[in-house]
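J.: Here it is, the structure in full.
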Amino acid sequence: MKALALILGILAFALVPALAQNQPTGIDGYVLNAETHKPLVNAQVAIFRMPLGNAATAVSTISTNKHGFFSNVLLEPGRYVVTATANGERTACQTSDIFRGAIARVKIEMSRDHEYCIGKGVTSSLVVPGQTSDVYIIH
């Protein structure tokens, strides 16, 4: 009986990576107003693969729906910067690690007064030379 349980356990452990490979890999999330926490409808979301080069090009762009939600963005595993722009003037971003077989969920909060970029591995390549940027650490 113990041998059967051991064999089933080994089989289950071996199947987990195979099942993960068949799962979608990507990102979805919400874009919200930082002051009111209300969704930002039709915010433009662009996703960039890290590291960013001199001529970074978005690997995916999408707009938020009436709930401030964007989804169905399938990506290769890696680190990405997700940026959102609303009303053509406010910008915010977040970095996220994407793992095979998982959908990462991000929440981007935008403010009229500040530009935000939070997450792992935020780099100086996001700052335009000659301009200043506020840096925040959120625990």
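The values are calculated or read from the model by the stated rules, or taken from the named source; none is laboratory data. Bear in mind that the values here come from a model prediction, so they are computed numbers and not experimental data. We place every Cβ from the backbone using ideal geometry, glycine too, and count neighbours over all the protein chains shown.
J.: Looking at residue 117 and the list (1) under 15 Å from residue 34 (Cα atoms); (2) crowded, with 19+ Cβ neighbours inside 10 Å; (3) modelled with pLDDT of 70 or more; (4) not small (Gly, Ala, Ser), which single condition is not satisfied?
T.: Of the numbered conditions (1) under 15 Å from residue 34 (Cα atoms); (2) crowded, with 19+ Cβ neighbours inside 10 Å; (3) modelled with pLDDT of 70 or more; (4) not small (Gly, Ala, Ser), the odd one out for residue 117 is (3).
J.: For segment 93-107, which positions are among the β-branched types (Val, Ile, Thr) and surrounded by fewer than 21 Cβ atoms within 10 Å (Cβ to Cβ)?
T.: 95, 98, 103
J.: Here's something else I'd like to know. Can you name every residue in segment 79-92 that is buried (at least 18 other Cβ atoms within 10 Å of the Cβ) and within 9 Å of the chain's Cα centre (by Cα)?
T.: Hits for segment 79-92 are 80, 81, 82, 83.
J.: Looking at 104, 86, which one is under 22 Å from residue 23 (Cβ atoms) and aliphatic (A, V, I, L, M)?
T.: From the options 104, 86, the qualifying one is 104.
J.: Filter segment 65-78 down to residues that are in a loop (DSSP other than H, G, I, E, B) and either within 14 Å of the chain's Cα centre (by Cα) or buried (at least 18 other Cβ atoms within 10 Å of the Cβ) (or both), then give me how many there are.
T.: The total comes to 4.
J.: Would you confirm, using the coordinates I've provided, whether residue 14 is more than 15 Å from the chain's Cα centre (by Cα), at pLDDT below 75 and of a type in the set (Gly, Ala, Ser)?
T.: yes
J.: Within segment 83-90, is even one residue at pLDDT 90 or above and of a type outside the set (Ser, Thr, Tyr)?
T.: The answer is yes; a qualifying residue exists.
J.: Moving on. Report whether or not residue 62 is modelled with pLDDT of 90 or more, within 17 Å of residue 100 (Cα to Cα) and β-branched (Val, Ile, Thr).
T.: No, not satisfied.
J.: On the given criteria, is residue 136 modelled with pLDDT under 90 and under 19 Å from residue 57 (Cβ atoms)?
T.: Spelling it out, it is not the case that residue 136 is modelled with pLDDT under 90 and under 19 Å from residue 57 (Cβ atoms).
J.: Now a separate question. Where residues in segment 45-64 are crowded, with 18+ Cβ neighbours inside 10 Å and among the polar types (S, T, N, Q), which of them is nearest to residue 111 (Cα to Cα)?
T.: If we take residues in segment 45-64 being crowded, with 18+ Cβ neighbours inside 10 Å and among the polar types (S, T, N, Q), then 64 is nearest to residue 111 (Cα to Cα).
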